[in-house]
Amino acid sequence: MSGSTLVEVEDLSKHFRVTGGPLGVRTAGHVRAVDGVSFRIGAGETLALVGESGCGKTTISRLMLRLETPTTGAITLAGRDVHRLDRAGVRWFRRKVQAVFQDPWASLSPRMRVGDIIAEPLVVNERLSRTRVRLRVADMMGLVGLQPWQARLFPHEFSGGQRQRIALASALITEPDLVVLDEPVSALDVSVQAQVMNLLKDIQRERGTSFLLISHDLASVRYIAHQVAVMYLGEIVEQATADEIYERPRHPYTRALFDAILPAHPDDRRPGSDAADEVPSPLNPPSGCRFRTRCPHATDVCGHAPPRTALPGGGSVACHLYPATAGSTKGPVRQ
Amino acid sequence: MSTMEPVLTVDGLRTHLFTRWGTTRAVDGVSFTLHRGETLGIVGESGSGKSMLALSLVRLTPEPAARILAGSVVLDGTDLLTLSEKRMRKLRGSAISMILQDPHQSLNPVFTVGNQLAEAVHVHRPELAAAAVRERVLDGLRKVRMPAPERRLRDYPHELSGGMKQRIVGAMAISADPRVLIADEPTTALDVTTQQRYLRLLREIQRETGVAIILITHDFGVVAEACDRVAVMYAGRIVEQGPVREIFDRPRHPYTRALLDSRPRRDVRLDRLPSIEGSPPSLVDPPPGCRFAPRCRLAAERCTAEYPELTAVAPGHETACWRWEEVS
Ligand SMILES: Nc1ncnc2c1ncn2[C@@H]1O[C@H](COP(=O)(O)OP(=O)(O)OP(=O)(O)O)[C@@H](O)[C@H]1O
Ligand SMILES: Nc1ncnc2c1ncn2[C@@H]1O[C@H](COP(=O)(O)OP(=O)(O)OP(=O)(O)O)[C@@H](O)[C@H]1O
Ligand code: SF4
Ligand SMILES: [Mg+2]
Ligand SMILES: [Mg+2]
């Protein structure tokens, strides 16, 4: 997969000011939620962003959706900087980019009929006759495996998996180029997760849609991701094609995430590792490699920022265990 | 492994919910035995009745909708369902203790962690002096491997990370050395690393105290990591139960087979994930016969007419399927 580039993220950062003191007005520090992140997503491709709670995944998705403005860096979609759009540009953006969120119980308004929920992005962004809208809604419902007559029902009349289908139909109705999926299946049963993942794959095949898929679980994205970026405390520590990362995980943190995948069979249980548990505060991340306080391979050199070393297939890893060799490095990672 | 000495025996338990829409048969004739020192996993899809079963065991089902209509829950020779509310309150927490599905429900935001833990100890051991209570609280925090336990006593719940909150809830649940601990989806909201640590912690506590654990989950990964035996629930009933290896290697119910197949795997790259089409039946008017029949590939005429009772297929392994010999 090396289609044309749809999304280009360049040195993106988002720092949140945290207040303290008796009046809550003093600046106590800055949470470096996203800190110097770069990646690209090709047309018709899925990039999975994986990491533990609090590493900055949702902040990236909110930046991508223009719900936050970057502290530094930029996101371009089809060559246009999404945070520097005029009014017409914003309308264009809303048709091109849609989102599906984690909680299928909270994300649909309970008093709207399902048909109206699905139609909403279309009605807001395009001028179409009622009949045309109805036809498009019926089309979308078919695509996600719902019956057209169900358009008259309310969200509470559906199961969790069906609600996620409704959210997906609504996200896809404007035929967006990019859909941001923030933990789209974590709240669902395993059996239903499989249905939704299969559906995502079918839609991508039929429509060439790109996905930014966010998850904390490496096992659940293998089936659908082309590229995987592993995040830790606001930074991407390793990024590679799915085949590369599943067959040859390099960064000690990527390996720790693999070790944390629950066994497929009771015979695969492993004895517990005594690796340090606690994730350091993003207010005050460790100097150098941010993973060094938990890394079993950490040495003195890890107090300095690790090099970012290129990997076969276009990815990179940021760890002192993989020294940059001449010609293969993209330069040291930002501190 | 367990010594197979029964601690808790549940027989014919039936809990229905009476609402405006009709009667939901949430728990509809459930029987199982829990042994000393073992972990029994209860697995099933959302809405299959797992939480209602767990709440019935400690008699905390939602009032006034829920009613326990039949069955017995025998803990060390005493049927909990026949006890007065007063005696039940004494046993809850001391002999049989529960970690709720939502940890926020177990912690009060306006009291410090130390306060809440001390209260939990005081309820069961009112005779203890303050210093002894404090010692037990710290001991509980050490059991759940809380870093710097003395420092945590003055924290409020909102000052703790999700993983730490769970340890506190765990410490409260084991503070009175219960015989039976019920944990309802304790790891579903956690990320993978925290989940793994938590399950290992439960095992360590079990090794130290011999507590028998009922672990409710919808994830077979949790079962593979933490359970000795498994009961699979579907639409208010147990459809298969047995030792964990037996269930993974030789499932004898089509539903168990399908659940195992739909797990995402890291080692194989599939083009399509096997999924179970359709959804579970309404518990208001469940179909006669096998409740899985409408979604089952093996369903035959008999399946939709007659309910298959649980029958033994191997030592300690039971299934409720007419065509179990054709499964796998
Ligand atoms: N508006 C905000 N103000 C201050 N801090 C914030 C804000 N939004 C996020 N953060 C902090 O930024 C960090 C990254 O948060 P984010 O929600 O992006 O993480 P995540 O990877 O999506 O985590 P999860 O898996 O729990 O959803 C966290 O430390 C979070 O507390
Ligand atoms: N307070 C209530 N009032 C009425 N019906 C309820 C109530 N709580 C649960 N139910 C119904 O009882 C049945 C069993 O629910 P239960 O919560 O036990 O399922 P569960 O297996 O724990 O599901 P989950 O995996 O989603 O937690 C469901 O049909 C549910 O809709
Ligand atoms: S750079 Fe050093 S500390 Fe960081 S992950 Fe690699 S070995 Fe560990
Ligand atoms: Mg998030
Ligand atoms: Mg439940």
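Miscellaneous remarks
- Residue identified as within 14 Å of chain A (Cβ to nearest Cβ) and in contact with a strand residue (DSSP E or B) (Cβ under 6 Å, 6 or more places away or on another chain) among B:V73, B:V43: B:V43
- Looking only at residues in region A:31-60 that are part of a helix (DSSP H, G or I) and of a type in the set (S, T, Y), the one that is surrounded by the fewest Cβ atoms within 10 Å (Cβ to Cβ) is A:T58.
- Scan region A:135-152 for residues that are touching a Lys or Arg at 6+ places or on another chain (Cβ under 7 Å) and either among the aromatic types (F, W, Y) or modelled with pLDDT of 90 or more (or both) and the total you get is 2.
- Residue ID - nearest to ligand 3 (Cβ to nearest atom), chosen from residues in region A:290-322 that are hydroxyl-bearing (S, T, Y) and touching a residue at least 40 places away in the same chain (Cβ under 8 Å): A:Y322
- Filtered residues of region B:4-33 (kept if of a type in the set (V, I, T) and out of contact with any Ser or Thr (no Cβ under 7 Å at 6 or more places or on another chain)): B:V7, B:T19, B:T23, B:T24, B:V30
- Number of positions in region A:206-229 that are within 13 Å of chain B (Cβ to nearest Cβ), in contact (Cβ under 8 Å) with a residue 60 or more places away in the chain and hydroxyl-bearing (S, T, Y): 1
- Qualifying residue in region A:186-202 (condition: away from chain B (no Cβ under 11 Å) and touching a residue at least 12 places away in the same chain (Cβ under 8 Å)): no
- Residue within region B:244-266 that is more than 30 Å from A:K201 (Cα to Cα) and either touching a Gly at 6+ places or on another chain (Cβ under 7 Å) or not assigned by TED's automatic domain parsing to the domain that holds B:M52 (or both) present: no
- Some residue of region A:11-23 being under 15 Å from A:L178 (Cα atoms) and either within 14 Å of chain B (Cβ to nearest Cβ) or crowded, with 17+ Cβ neighbours inside 10 Å (or both): no
Matching residues to (1) farther than 30 Å from B:P286 by Cα; (2) within 16 Å of ligand 1 (Cβ to nearest atom); (3) of a type in the set (G, A, S); (4) surrounded by fewer than 15 Cβ atoms within 10 Å (Cβ to Cβ):
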site: B:D28; (1), (2), (3), (4): no, no, no, no
site: B:S31; (1), (2), (3), (4): no, no, yes, no
site: B:L34; (1), (2), (3), (4): no, no, no, no
site: B:S46; (1), (2), (3), (4): no, no, yes, no
site: B:L53; (1), (2), (3), (4): no, no, no, no
site: B:S56; (1), (2), (3), (4): no, no, yes, no
site: B:L60; (1), (2), (3), (4): no, no, no, yes
site: B:L91; (1), (2), (3), (4): yes, no, no, no
site: B:A95; (1), (2), (3), (4): yes, no, yes, no
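- Some residue of region A:106-122 being assigned to a loop (DSSP other than H, G, I, E, B), more than 14 Å from chain B (Cβ to nearest Cβ), more than 16 Å from ligand 3 (Cβ to nearest atom) and among the charged types (D, E, K, R): yes
- Matching residues in region B:154-204 - criterion: being small (G, A, S), surrounded by fewer than 24 Cβ atoms within 10 Å (Cβ to Cβ) and either more than 14 Å from every other protein chain (Cβ to nearest Cβ) or touching a helix residue (DSSP H, G or I) at 6+ places or on another chain (Cβ under 6 Å) (or both): B:G163, B:A176
- The single condition among (1) surrounded by fewer than 16 Cβ atoms within 10 Å (Cβ to Cβ); (2) touching a residue at least 12 places away in the same chain (Cβ under 8 Å); (3) not small (G, A, S) that A:V97 does not satisfy is (1).
- Summed over region A:147-185, the residues that are charged (D, E, K, R), closer than 27 Å to B:L283 by Cα and more than 16 Å from ligand 2 (Cβ to nearest atom) give a count of 2.
The values are calculated or read from the model by the stated rules, or taken from the named source; none is laboratory data. Note that the structure is a prediction, hence the values are computed from the model and not measured. Glycine gets a Cβ as well: all are built from the backbone with ideal geometry, and neighbour counts include every protein chain shown.
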